[in-house]
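Below: one structure, written as structure tokens.
Only the coordinates and a few stated rules stand behind these numbers; no lab work does. For clarity, every value in this text was computed on a predicted model and none was experimentally measured. Here the Cβ is made from the backbone with ideal geometry for all residues, glycine too, and neighbour counts use every protein chain on show.
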Ligand SMILES: [Zn+2]
């Protein structure tokens, strides 16, 4: 099992973990089943990408939904 670390703030991690808990489908039976949301927390590249998207999404949303037409001169 690889060691992963969260590069964001504690508040950002708390928000991510709340989302994982809301979507958790782990099953307590034999053999134990770990859901995809919890498996995601073990993947460093996924965590890094999620943090990047979380921090940059405002720019993309603004460009997509609040763009102003460019006037021809
Ligand atoms: Zn789970």
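Express the relative contact order of the chain as a whole percentage, based on alpha carbon pairs under 8 Å and six or more residues apart in sequence.
Relative contact order here is 28 percent.
To test your reading of the geometry: what angle, between 0 and 90 degrees and rounded to tens, separates the Cα axis of helix 10-23 from the longest principal axis of the chain?
Helix 10-23 sits roughly 70 degrees off the main axis of the chain.
Expressed as cubic angstrom per residue, what is the convex hull volume of the alpha carbon set of the chain?
133 Å³
With a 10 Å cut-off between alpha carbons and a GNM built on the chain, which of 11, 19, 28 moves the most?
28
Tell me, what is the FRET efficiency for residue 55 and residue 26 to the nearest 0.05, using R0 = 22 angstrom and their Cβ-Cβ distance as r?
Given R0 = 22 Å and the Cβ-Cβ separation, E is 0.20.
What does region 1-43 give for Rg and for Dmax, in Å, if only its C-alpha atoms count?
11.8, 35
Which value in nm describes the separation of the simple spin-label points at residue 72 and residue 19, placed 7 Å from the Cα toward the beta carbon?
Inter-label distance under the simple model: 4.1 nm.
Sorted by packing (mean other beta-carbon atoms within 10 Å per residue), highest first, where do 48-56, 2-10 land?
Order by mean packing, descending: 48-56, 2-10.
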